[in-house]
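The values are calculated or read from the model by the stated rules, or taken from the named source; none is laboratory data. Small disclaimer: the values here were computed from a predicted structure and weren't measured. Here the Cβ is made from the backbone with ideal geometry for all residues, glycine too, and neighbour counts use every protein chain on show. Surface accessibility is based on the protein's heavy atoms, side chains included, excluding ligands, DNA and RNA. Shrake-Rupley method; radii C 1.70, N 1.55, O 1.52, S 1.80 Å.
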Amino acid sequence: MREFKFDIDDWTGGNTLGKSMGDAVGSTVDGKLFSIRTHPTKEYSFINNGIIEITVDWGDGTVEDLSSSVDRHSHVFEDNKYQPRIITFGIRGNVDKLKECNFRDVGLISIDKDIHTYSIYTGDSTGTIHRYLSTVDNEDYKIDYLNFGGNNIRRIGIKGFSYLNIYHDIKIPDSVIEIHNRAFEYSTTDGNLILSNKDTNIHSEAFYAMLANSLILPKFTTIPKDAFVNMRTYNNLVMPETVVDIQEGAFREFQVSFNGAVIIFNDRLKSIGNKAFMHVETSIAPLKLNNGLEYIGDDAFYGALNINGTLEIPSSVKEIGESAFYGCVRLDKLIFNEGLSIIKDNTFKECRSIANDIVLPESLKYIGKNAFEFNLLYNRFITIFVHENTEIENENNYKSVVFKRYTIVKRNKILKWENLNLT
């Protein structure tokens, strides 16, 4: 009979096991899913949601096999020690059975009290973490620490950590290559959300409505589509220095309005996609676009109500998409530089607070319909000076502005009043 050492805290106590018994314990350990470390307690309870058959090691030498029936399970620690406990949960049989379960609406088990630590060990054979732990009726129970064990966690499944409230930083392991949609929806952390693997595939709305102190991004080249929709942070949203492209809807409805937080772009950024910051909520502060930016997509900052002050379009920007700044009602000054070629329909429509006369660059070839229909407050009018070669759609339909044509007297100079020859 082959014998070997198998030492697992609170499971075997380091006994020497025969092959059959060793295989049995080994299969149980292979199915170990997660553990929780309680605060000092005499008794602990949880609700088994009946999704799969599970085992529980209560941390005092007691191990139970639990049926898959929905039920509350409690344990009184008879050693009379009012102390923290490490309670470990596992699955009986093949861990891949988890792939057949629906964790969208309910977790494997539910807790009804705060815990100190929630530690994840493994998932199914693809390395996917499912929704193992949930809170009863989504009440505001707190977890001090969320820990990921080992380097075999590859994917975080749909709603894997939704509605959990965690005190400290959440650091996604480098081993994670995929985070599915709604994985952290409505979860909170008083710490930071830290992603460090630049190759992680973040699915649409993976962090929907999550609240964190800060979002710390890896060295992405591209911010994925719809990745951080409706997420909220207390501090600046900072683009890593490596980011070149922000894809469609990446930060749509993102809220960075707390404690003076704003958006900070890097100098390598070239493209802001459609709806990338649509309805973004920042502190009432100017938006500083970086030199090197070339494209601003449709609806990119649509309805960004708190962008105020002066907006300067860098000379590197070639095209501004349809409705890109529609409804940015606190903007009061627009500045344009040579290099811009296209302004599409409704780009600055309903920017009601604009107060400066505007000089558009000679490089501008086309202005779309209602691009500067500001509908200005107090029945005010402004003049927009536009080069004689620029095409304007529906020029005569504007209510808030008067267009005047000019030719360049001094080329390669910043346009000023004395440089204009009005026709």
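Heavy-atom accessible area, probed at 1.4 angstrom with all protein chains present, ranks 101, 351 as 101, 351, highest first. Hey, in the GNM for the chain with a 10 angstrom Cα cutoff, which one of 322, 393, 294 fluctuates hardest? Between 322, 393, 294, it is 393 that shows the largest mean-square fluctuation. The Cα center of the range 370-409 and the Cα center of the range 225-299 differ in position by 29 Å.
Computed over the chain with a Gaussian network model linking Cα atoms closer than 10 Å, the most mobile of 402, 243, 229 is 402.
Computed with a 1.4 Å probe over protein heavy atoms only, the accessible area of residue 47 comes to about 40 Å².
Note on residue 68: accessible area is roughly 50 Å² with a 1.4 Å probe, heavy atoms of protein only.
For the set 312, 78, the ranking by accessible area, highest first and with no ligand, DNA or RNA atoms included, is 78, 312 under a 1.4 Å probe.
When shorter helices are ignored and each DSSP H run of at least 4 residues is given -39500 (n - 2.57), the per-residue value for the chain at 222 nm works out to -1000 deg cm²/dmol. Inter-label distance, residue 315 to residue 114: 5.8 nm, where each label sits 7 Å from its Cα along the C-beta direction.
Summarising the strand pairing of the chain, around 35 percent of its internal DSSP beta bridges are antiparallel.
Using the Kirkwood radius built from alpha carbon pairs, what does the Stokes-Einstein equation give as D for the range 161-281 at 20 °C and 1.002 mPa s, in µm² per second? In µm²/s, the coefficient rounds to 153.
Cross-link pairs exceeding 29 Å between alpha carbons, from the set 99/270; 42/97; 113/198; 113/275; 225/288; 142/270: 99/270; 42/97; 113/198; 113/275; 142/270. Computed extension length for residue 377-residue 105: 93.1 nm, one decimal, from 0.36 nm per residue of separation with the Cα-Cα distance subtracted. The mean of 1/r over all distinct Cα pairs in the range 237-375, once inverted, gives the Kirkwood hydrodynamic radius of 14.6 Å. Compared with the dominant Cα axis of the chain, that is its longest principal axis, helix 19-30 is turned about 30°.
Between 403, 34, 325, where does the largest GNM mean-square fluctuation fall for the chain, given springs only between Cα atoms within less than 10 Å? Largest GNM mean-square fluctuation: 403. In vacuum, with every alpha carbon of the range 325-397 counted as one equal point scatterer, what does the Debye formula give for log10 I(q)/I(0) at q = 0.13, 0.23 Å⁻¹? Two decimals, please. Debye curve over Cα of the range 325-397, log10 I(q)/I(0) at q = 0.13, 0.23 Å⁻¹: -0.34, -1.10. This structure gives Rg and Dmax of the Cα atoms in Å, computed directly, and of [x] 28.8, 102; [y] 33.6, 98; [z] 21.2, 67 that value is listed as [x].
Its alpha carbons give the range 272-339 an Rg and a Dmax of 11.0, 30 Å.
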